[in-house]
Structures are given as structure tokens and as C-alpha cells.
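Trainee: Quick one: this structure, given as C-alpha cells, is what I'll be asking you about.
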Amino acid sequence: MKRWMTRILCIAAAGICLSGCSKAIEQKNDSLHVYAGLNDQIMHYAVGKFKNAYPDIPVTFTQWEENKTEDVYDYNQQLAAQLMSGEGADVFFLQSYWDIDKMLAAGAFADLTEIYEGSDVFHDGDFRTGIMDTGIVDGERVFLPMDCIIPLLVTTKKALQETGFDVEKCTDFDSFMEESGKFMLGENYDRRLFRMDITARDCIYWAGYPVVEDREIVWDIEETRKYFEWYKVFYERESGIGPYMFGDLTGAAEVRDGKCLFEQSVMREDIDAMRALHTVGDIEVLPIYNKDGGITARRSRTVAVRANSENLGNVKKFLEILFDGDTMRAFGSHNDKGVSVRRSVNENDFNYLEEVPFRGEPNGFPNALPMLEKEEFDSYYAYADQINIVEYSRGWMDDFREEMSAFLRGEASYEEAAENARKKLEFYLSE
């Protein structure tokens, strides 16, 4: 009941426009309020550095130290409502289950263009500007991405030879669907395509199909028809199959044992899988390219600022500390599940790879895994330079998927399911 009431309050707040969104906010710069979310080390470091550098500025730092899931969820939803009504923290990480589209429509986020352009920190040549510039929405730099997750598939050359799967043909999402569809419907189909069916489900993100942009439905149902037909083949053969388990080299073991062709997880676990599979042969890494031949990433940690903050001078000082190279490279600062917006952070990751990363022998692999060659490590992270889209979680996606699943289950034609999904999108946008 508590969580449901929180959702109701947030929906009610979504209709409130910020009173100061159409005029300049008088700046006081007499304090700073920072919200990190759940125990994020880099915010902790940055706040400490800020206090040392500016001891006369009062700082409120809100951070959850324990994983109390419901309490964290409720607080985050209350903060979202506050931000949409012009209250709350000055600086914060976007939370994964915020309805970012509605918060953008409410004008909850400040335009950071002036801060970004006026600071040397953001122009030192270390930043992946392709990722950083995805924080620009409608000409305003409202987000500062810190790291993101890209979809990489890990397998062995032996598995590819056994199945006849040709990764060289997979240069965009259409060609990947064609090659993987040929595998699933062919005589060499002797294992799952993916370890987990959520990989296929999330291809609606990875493929880069536009559905809603700027509060407008831009979905071309004919463009996505091939995807949903491909997904239906997968759904009929593999949906609900595969362990939803992470860690302990579960995915690498499934590839090694011929139970699946590809493992797809998150960055550090992908690297561990690569090292583990090196013990049984040569490996192959394939990104899921989007429809345009680039790579769609998903935001992991992203920083934003309250639109009507009266402390933008202090915000600028804090952001310069937060995104400084020394802060971002500090041990524990990096989210090792993603690609950092700073190249040097990922280059530094190589130094932290452990020769013995596991206790015991997980899933039959030795605990002392072979180290990756530096060239192999660098080529893995080089895929970050091919990112041309960075997505965030969409508030309408669950309802959209639910309506389209009627087609996957054979309960509706593609056109019928698409029409119902469009109605759900229209309802969402009308709220």
C-alpha cells in the first residue's frame, strides 16, 4: 500500500509545471544538496573533496547505506515528485525507475550547457564526447552521463564453427536477425541462441527503433515488424528458458557446455566470461549493432541538476570535482559494469584485473583465470567509440511490451497487437 500511494503522489505531481521554468532563477549559492542514491562511492568521494575545498558552504548529502529496497524506492519516487514541483536536491543521479520522459516534460532538469562549456574539466580530451553529447535533449544539455552499458555477446570460435554462425555478416541489427534467424530455424540449431531470453526482449532497445520522442509517437510499425517476427521465432523456441543467474561464470559455463551460443551480461562479467572461455579455446566478442550499424548503449549512472536550483555556482564547483579525472579514477569510483565516459577510467580497469578473481572453482572453471592481453582488453572497450545512441529506461515500455506479447503468444495478429500498443502509448502521453 505504501508503494502504491507513493506512485499516486508522483503521478499527481507530474502535472505540476515548475514555477520558475520560464524565467531566470535568482542565485543565492548559500548551500548545496547532493543525492547519491544507494551507497555510490564516487558521490561520497566528491562530497568529501567539496567540503575540504569549500568549508564555508553547507552541504546536505543524502545517501542510502543499506539496501532497504522498498524504502529506497519510496524515497526516490518522492524525490522525483519534488523535482517536478521544483523542490529537492540540487545535484543527483537519475534513478533507474524514474519516468524520465515525464520529468523532462515537466521541466525538472536544468540546462547545464553554460556550466559544461565554461569548465576546463569537461574539455581535457579524455572524455568520450559521443557518450557525453547524448545528454543533450532538444538542444539543452540536461544530463551528464557518467557511464553506460553496451550489449556485447561472448562466445567461442568453436561454438561458431559448430553452428555455422557467421559473425562477420552481422554488421547491423537486420543482418544479425537474418543470421540468428537462420540459425534458430536451421538444422544446426542444437543450443539456445542466448543464455537468457531477456537479451532478445531488450533488443527493442539495442536495435535503436524510435518509438516515442519528445512526447510524440514516432513508431513506424512496419519498421519493427521484422523484429517482432524474429522475436516470435525466438519466443516460441526459447522464451522462459535459461537461468536468470549472474556471477560464478554461469554464462561462460553454458557456452562451454554447448547449452547456448552467446552469453550477454554486463561489462565486468563479460570480461570474466572471456577469461574463463580462454581456458577452453579462442573467444569471439560481437556487439549487438543497432539498425544503423552503430551501438545503442543504456545509461547506467547519469548526473542531472534541479531546474530551479538557486545554487548553480556551487553546482558548477561540485560537478568539476565529481567529473575530475582523479575523482573518477579513484579506486571504487567506477561502476565496473559499464563503459566510463572517461577513457582513462576503463584503461585503469586493466590494472585491477585479478589473476585469482574467484574462490573455489566456479562452474568447473579454475579460480586462476588467464589474464587478457592488453590488446584484447583495449579492443573490447573500443566498441564504446561506436556508440551513437544512449537510451534510458522508458516509463511506457512495460505496457508496450505487454500489448506486443499478445502477438508473440499467438493471441493477436501483429496489426492488432500494434494497435493496442499504440493506444497504450497515447494514454501514457495524455497523462
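So that you can scan it fast, the table gives a plain yes or no per residue for (1) under 22 Å from the mean Cα position of the chain (by Cα); (2) more than 30 Å from residue 274 (Cα to Cα):
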{"position": "381", "(1), (2)": "yes, no"}
{"position": "385", "(1), (2)": "yes, no"}
{"position": "390", "(1), (2)": "yes, no"}
{"position": "393", "(1), (2)": "yes, no"}
{"position": "398", "(1), (2)": "yes, yes"}
{"position": "404", "(1), (2)": "no, yes"}
{"position": "429", "(1), (2)": "no, yes"}
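Trainee: If I ask for residues that are open to solvent by 20 Å² or more (accessible area, probe 1.4 Å), assigned to a strand (DSSP E or B) and under 18 Å from residue 98 (Cα atoms), which ones from the range 379-431 would you list?
Mentor: 391
Trainee: Output the helices (runs of 4 or more DSSP H) that fall wholly within the range 203-295 and possess 2 or more residues being under 19 Å from residue 425 (Cα atoms), among the charged types (D, E, K, R) and at pLDDT 95 or above, or say none.
Mentor: So the answer is 221-238.
Trainee: Determine which single condition residue 400 fails, assuming it passes every other condition in (1) among the hydrophobic types (A, V, I, L, M, F, W, C); (2) in contact with a Ser or Thr (Cβ under 8 Å, 6 or more places away or on another chain); (3) under 28 Å from residue 146 (Cβ atoms).
Mentor: (2)
Trainee: Here's another thing I want to ask about it. Which of the residues that make up the range 167-200 are in a loop (DSSP other than H, G, I, E, B) and open to solvent by 50 Å² or more (accessible area, probe 1.4 Å)?
Mentor: Residues satisfying the conditions are 171, 185, 187, 188, 189, 190.
Trainee: May I ask you to list the residues in the range 312-327 that are in contact with a strand residue (DSSP E or B) (Cβ under 9 Å, 6 or more places away or on another chain) and open to solvent by less than 10 Å² (accessible area, probe 1.4 Å)?
Mentor: Once the filter is applied, which keeps residues that are in contact with a strand residue (DSSP E or B) (Cβ under 9 Å, 6 or more places away or on another chain) and open to solvent by less than 10 Å² (accessible area, probe 1.4 Å), the range 312-327 yields 314, 315, 318, 319, 322, 323, 325.
Trainee: With modelled with pLDDT under 95, open to solvent by less than 10 Å² (accessible area, probe 1.4 Å), of a type outside the set (Val, Ile, Thr) and closer than 15 Å to residue 144 by Cβ as the only criterion, which of 309, 340, 300 stands out?
Mentor: None of the others qualify; the one that does is 340.
The values are calculated or read from the model by the stated rules, or taken from the named source; none is laboratory data. These numbers come from a predicted model, not from an experiment. Cβ atoms come from the backbone with ideal geometry, glycine included; neighbour counts cover every protein chain shown. Please note that ligands, DNA and RNA were not included when accessible areas were found on the heavy atoms of the full protein model with its side chains. Shrake-Rupley method; radii C 1.70, N 1.55, O 1.52, S 1.80 Å.
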